[in-house]
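Step one of this worksheet: look at the structure below.
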């Protein structure tokens, strides 16, 4: 029987690469995203949801958990406003926290009872959680995922393994919006002197989902071209 993965943010630059890799490795994909694209027609199930709206999240989770047993949940959604601290409004702060962090808490709380014993939860964070970011809301929200990972790993113990992948600069529409000089300087400070490609993250996702990877939880995997080490 195909293992079922709920992929949050299946249409993003990283999310679509994860989606392709899950298909190649024989997983049943339940995709969740704000917008429906051609990709959504090629996966097993798709649900529209605005992650800034808790009521929509709860409705979708109710639909999912009424039908399936999951092997894992992969969180790849996120917003990156690229706003200076002085320009952050309360509404924007709330949106970034809702989409990047609160939705992860809500979905995990709702769907984790559907995860099989030994199943997996994976969060896609960011190097901004370690280095910080000029976009303060993005940095704080992604840093929160590290705490969520560690707390959930303690909560679930042997039943569900919980880990985070923390990418550096990846070639996506999101990173294309970065200030060009700042992006260039960031890449020059890395050991590999280039941005990563979305498919350079997917092997880590497949590794974390693999049944044979049974001794890793509460951890973060950095995939950043040597932007930093810890």
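The values are calculated or read from the model by the stated rules, or taken from the named source; none is laboratory data. Just so it is clear, the model here is predicted, and its values are computed rather than measured. Reconstructed Cβ throughout: ideal geometry from the backbone, glycine too, with neighbour counts over all protein chains shown.
Worth a mention:
- Each residue in the range 93-141 was checked for being under 19 Å from residue 175 (Cα atoms), touching a residue at least 40 places away in the same chain (Cβ under 8 Å) and more than 17 Å from the chain's Cα centre (by Cα), and 4 pass.
- Single residue of the range 24-40 satisfying the filter (part of a helix (DSSP H, G or I) and modelled with pLDDT under 95) that is farthest from residue 125 (Cα to Cα): 38
- Scanning the range 149-164 for residues that are out of contact with any strand residue (DSSP E or B) (no Cβ under 7 Å at 6 or more places or on another chain) and either in a helix (DSSP H, G or I) or buried (at least 17 other Cβ atoms within 10 Å of the Cβ) (or both) returns 150, 151, 154, 155.
- Residue in the range 188-198 that is in contact with a helix residue (DSSP H, G or I) (Cβ under 9 Å, 6 or more places away or on another chain), surrounded by fewer than 19 Cβ atoms within 10 Å (Cβ to Cβ) and not in a loop (DSSP other than H, G, I, E, B) present: no
- Of all residues in the range 165-187, those being over 22 Å from residue 73 (Cβ atoms) and in a helix (DSSP H, G or I) number 11.
- Here residue 179 fulfils each of the conditions (1) out of contact with any helix residue (DSSP H, G or I) (no Cβ under 9 Å at 6 or more places or on another chain); (2) modelled with pLDDT of 90 or more apart from (2).
- Residue list for the range 1-12, restricted to those being surrounded by fewer than 19 Cβ atoms within 10 Å (Cβ to Cβ) and either at pLDDT below 95 or within 16 Å of residue 198 (Cβ to Cβ) (or both): 1, 2
- Cβ pairs under 6 Å, 6+ apart, first in the range 212-230 and free of Cβ contacts under 8 Å to residues at least 60 places away in the same chain, second in a loop (DSSP other than H, G, I, E, B) and surrounded by 15 or more Cβ atoms within 10 Å (Cβ to Cβ): 225/168; 225/190; 226/190
- Any hit, the range 114-129, residues being in contact with a helix residue (DSSP H, G or I) (Cβ under 7 Å, 6 or more places away or on another chain), closer than 24 Å to residue 5 by Cα and part of a helix (DSSP H, G or I): yes
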